[in-house]
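Notes to accompany the following structure.
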Amino acid sequence: MENLIKLKIDGIAVEVPQGSTILDAAQKANITIPTLCFLKKINAIGACRICLVEVKNIRPLVAACVYPASEGMEVFTHTARVNQTRKMNLELILSTHVKNCLSCERSTSCELQKLCLEYGCDENRFGGAMPEKFIDNSSPALARNSLKCILCKRCKAACYETQAVKVINVNRRGFESYLGCAYGSKINDTACVGCGQCTLVCPTGALMEKSDIDKVLNAMANPELVTVVAPAPSVRVGIAEEFGEPVGTNAEGRLATSLRMLGFKHVFDIDFAADLTIMEEANELVERIKNKGVLPMMTSCSPGWVNYLTAYYPEMIPHLSSAKSPQQMFGATVKTYWAEKNKIDPKKIFVVTIMPCTAKKIEMLKHKDVNEGIQDIDAVLTVREYARLLKRQGINFNKLADSKFDDPLGVSTGAGVIFGATGGVMEAALRTAADTLTGQSLKEVDYKEVRGIKGIKEATVDINGIKINVCAASGLANAKRVLESVKSGEKQYHFIEIMACPGGCVNGGGMPLHNPNEISFEMRAEARAKAIYQEDERKTIRKSHENPTIKMLYQEYFEKPGSHKAHHVLHNTFDPRKYI
């Protein structure tokens, strides 16, 4: 039985398990203690000194995030002494913080700004020298500004503990300390995978996505360009949060309307390309199983994951599916099939995707189309960027009416939309692989064994007497565990789905920002994934191979999954030298 201890927080009696901190006890008592450096489970270091509290019979103030609760303890969280000290500590942080709040992309969502307003801070109380400024714009995905950094080390914790990438650490010492890459390297010179999880935990604007907003606006203003846009599955369950609506609100109809109002000439849906990805990926899986190809086959639609495997486990590249991601398949299809059908020069087509993922900006640059080296995709906007663009253009998202995506590349199935949740790609592929292997249209389409936000999920699926061992993992630390178990021979899988971000694309590095200590990653992932699966259930067609537009596409252009033309347009050749 769990040992409980009793204590009082601001006069409120509370019981917590032994080993809990004062912060844990306060949260149980529904008392808010402010934090900046704290990140539940992975970063309790007491560095920022904003969570200081007063404890009876203990002279110094103590950091609630690391100080253990004890039997009979009496804690006071908002005394005059505590508030005065917190205010001074915030003002000391401001003394070395660049204060360009009016032009900062984190203005109004910055945790430091919020606390400084609440405590009535004087930003100029402490003057003096400023540390050396380090701005790193080398990555296509991420931008870093050291003078907005408050040395909370939350980015390091996410990079080390959640993602196992480990490219962020503290450089120099004392006043000159800054968080960056080893030996002062640029982000692009490291094995950073561009996942953007660091941007989700950064409390200020020190780490942000690299913006393509101006590039998109310039393209839309060019009368010679045909602008095409498509949002990813997760975008529809994330965008409304940027306009004050509850986490997990499905705003697909308003999303389509907003894209038209911005002025895009053709508004399609990446869900269509997700169905296309399944056609190629499921076919590849069946072929590998039947012909004793390289197994386990691993999904290749998460660019952060692909970057991780090719950089850290290049010997396992043959396990990757050669199928392009839905983003790249979409761009390739638009600039081949759709361009030919509509008699448009692909060089005059400008394709924009709205993505939950910062690594998609890197993927965009790595893959060239079959048409004379033209890129499949021309610009990627994260959900956050897209929301900023809508606000800049005066579009009131909350008030918009619903509309549908354009035909034909806007037609999708339930299998396409579940790509946004961890396990969704695998489930979608199994729906098509099962029908292919059995030669029947199976009524059971739900593979709930691979659903949920658990970091690693395993199952054995029996299809027509063929037992397929599957695994779905999210978060690169979990990916590492799976890869090591495969390498050692401990696990024997046929099919592995890995998403770089914990919980899948619904928790991508480009999704809306929330204070992770107020709305946890788990809460976000569950709410958004629930909306994703509800959308799947509402769909009349829930299998990719039953999508009428997909059928038409193969009849008119690709012939069949895995054909020579399909491989030429829809597949990758993973060259280790290109990724390391």
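The values are calculated or read from the model by the stated rules, or taken from the named source; none is laboratory data. Note that the structure is predicted; figures quoted are calculated from it, not measured. Positions of Cβ are backbone-derived with ideal geometry, glycine not excepted, and every protein chain shown enters the neighbour counts. Just the protein is used for accessible areas: all its heavy atoms, side chains included, with ligands, DNA and RNA removed. Shrake-Rupley method; radii C 1.70, N 1.55, O 1.52, S 1.80 Å.
Kindly provide log₁₀ I(q)/I(0) values, in the same order as q = 0.13, 0.19, 0.25 Å⁻¹, from the Debye equation applied to equal alpha-carbon scatterers of the stretch 1-49.
-0.33, -0.67, -0.99
Going from the alpha-carbon gyration tensor of the stretch 218-327, what semi-axes, largest first and in whole Å, does one get by taking the root of 5 times each eigenvalue? Walk me through the numbers on the way to the answer.
Details: eigenvalues 230, 60, 43 Å².
After scaling each eigenvalue by five and taking roots: 34, 17, 15 Å.
Once the Cα atoms of helix 521-538 and of the chain are each reduced to a long axis, what angle between those two axes, in degrees from 0 to 90 to the nearest 10, is obtained?
On a 0 to 90 degree scale, this one is about 30.
Provide the three semi-axes, in whole Å and in decreasing order, of the ellipsoid equivalent to the chain as defined by the square roots of 5 times the Cα gyration tensor eigenvalues. Provide the component values of the computation, followed by the final result.
Details: eigenvalues 370, 152, 98 Å².
Semi-axes (√(5λ), whole Å): 43, 28, 22.
Once amide H atoms are built 1.01 Å from N in the peptide plane, which residues 5 or more positions from Thr21, or in another chain, come under 5 Å H to H?
Ala69
Provide the percentage of antiparallel DSSP beta bridges, counting only those with both residues in the stretch 447-566; round to the nearest 5.
Working: 8 of 13 bridges.
Antiparallel: roughly 60 percent of the beta bridges in the stretch 447-566.
Under the rule of -39500 (n - 2.57) per DSSP H run of 4 or more residues, summed and divided by the residues of the chain, what mean residue ellipticity at 222 nm is obtained, to the nearest 500 deg cm²/dmol?
Working: 19 runs with 181 residues, N = 580.
So the calculated ellipticity at 222 nm is -9000 deg cm²/dmol.
If I take R0 = 25 Å and measure r between the Cβ atoms of Glu340 and Thr573 in this structure, what FRET efficiency does the formula 1/(1 + (r/R0)^6) give, to the nearest 0.05? Spell out each step's value before the answer.
Details: r = 24 Å, r/R0 = 0.94.
With R0 = 25 Å, the Cβ-Cβ based efficiency is 0.60.
Just to confirm a number: summing +1 for Lys and Arg and -1 for Asp and Glu over residues other than Glu118 whose beta-carbon lies under 15 angstrom from that of Glu118, what do you get? Working shown, then result.
Details: positive: Arg86, Lys87, Lys114; negative: Glu91, Glu111, Asp122, Glu123, Glu518.
With Lys, Arg at +1 and Asp, Glu at -1, the neighbours total -2.
Summing Lys, Arg as +1 and Asp, Glu as -1, what charge do residues with Cβ under 12 Å from the Cβ of Val165 carry, Val165 excluded? Display every interim value, and only then the final one.
Numbers: positive: Lys156, Lys166, Lys480; negative: Glu161.
So the environment of Val165 carries a net charge of +2.
Specify the angular offset, from 0 to 90 degrees and rounded to the nearest 10, of the alpha carbon long axis of helix 252-262 from the longest principal axis of the alpha carbons in the chain.
For 252-262 against the chain, the angle is about 90 degrees.
List the aspartates and glutamates whose Cα sits under 18 Å from the Cα of Lys480, skipping any in the same chain fewer than 8 residues away.
In chain and number order, the partners are Glu161, Glu315, Glu458, Glu490, Glu497.
Going by average Cβ density within 10 Å per residue, which order do the peptides 506-519, 108-121 take, highest to lowest? Working shown, then result.
Values: 506-519: 23.1, 108-121: 17.1.
Result, highest mean Cβ count within 10 Å first: 506-519, 108-121.
Quick one: length gained pulling Cys101 to Lys348 fully straight, 0.36 nm per residue minus the C-alpha distance?
Gain on extension, Cys101 to Lys348, equals 85.1 nm.
Measuring from a point 7 Å past the Cα of Glu161 along Cα-to-C-beta, which residues in the stretch 453-495 have an amide N at less than 17 Å?
The answer is 455, 475-479, whose backbone nitrogens lie closer than 17 Å to the label point.
Using 0.36 nm times the number of residues separating Glu123 and Glu245, minus their current alpha carbon distance, what extension gain do you get? Present the calculation step by step, with values, prior to reporting the outcome.
Values: separation 122, 0.36 × 122 = 43.92 nm, distance 3.17 nm.
Full-extension gain reported as 40.7 nm.
What angle do you read, to the nearest 10 degrees and between 0 and 90, between the alpha-carbon axis of helix 303-312 and the longest principal axis of the chain?
80
Are there any GluC sites (Glu not before Pro) in the stretch 425-457 that are in a DSSP loop and have at most 12 other Cβ atoms within 10 Å? List them by number. Walk me through the numbers before you get to the answer.
Details: sites: Glu427, Glu444, Glu449; in loops: Glu444.
Sparse-neighbourhood loop GluC sites (Glu not before Pro): Glu444.
Would you please put 537-548, 479-490, 254-265 in order of how densely packed they are, using the mean number of other Cβ atoms within 10 angstrom per residue and starting with the highest?
Working: 537-548: 17.1, 479-490: 15.6, 254-265: 19.8.
Listed from highest to lowest mean packing, they are 254-265, 537-548, 479-490.
About the Cα centre, and with charges only on the beta carbon of Lys, Arg (+1) and Asp, Glu (-1), how big is the dipole of the chain? Nearest 20 debye, please.
Numbers: 73 positive and 65 negative charges, 215 e Å.
I would put it at about 1040 debye.
Rounded to the nearest 20 Debye, what is the dipole magnitude of the stretch 338-413 about its Cα centre when Lys and Arg each give +1 and Asp and Glu each give -1 at the C-beta? Each step should come with its number before you reach the end.
Values: 14 positive and 11 negative charges, 87 e Å.
The dipole magnitude comes to about 420 debye.
Once the other residues with Cβ under 12 Å from the Cβ of Val228 are scored (Lys, Arg +1; Asp, Glu -1), what is the net sum? Before the final figure, lay out each step's value.
On the way: positive: Lys265, Lys335, Lys348; negative: Asp269, Asp376, Asp378, Asp406.
Summing Lys/Arg as +1 and Asp/Glu as -1 gives -1.
Need the full-extension length gain, Ala459 to Phe76, defined as separation in residues times 0.36 nm minus the C-alpha distance. One decimal, nm.
On the way: separation 383, 0.36 × 383 = 137.88 nm, distance 4.92 nm.
Here the segment from Ala459 to Phe76 would lengthen by 133.0 nm.
Show me the ranking of peptides 348-355, 127-134 by mean Cβ neighbours inside 10 Å, starting with the highest.
Peptide ranking by packing, descending: 348-355, 127-134.
Per residue, what accessible area does the stretch 300-399 have, given a 1.4 Å probe and all protein chains present, in Å²? Working shown, then result.
On the way: 2960 Å² over 100 residues.
Solvent-accessible surface per residue comes out at 30 Å².
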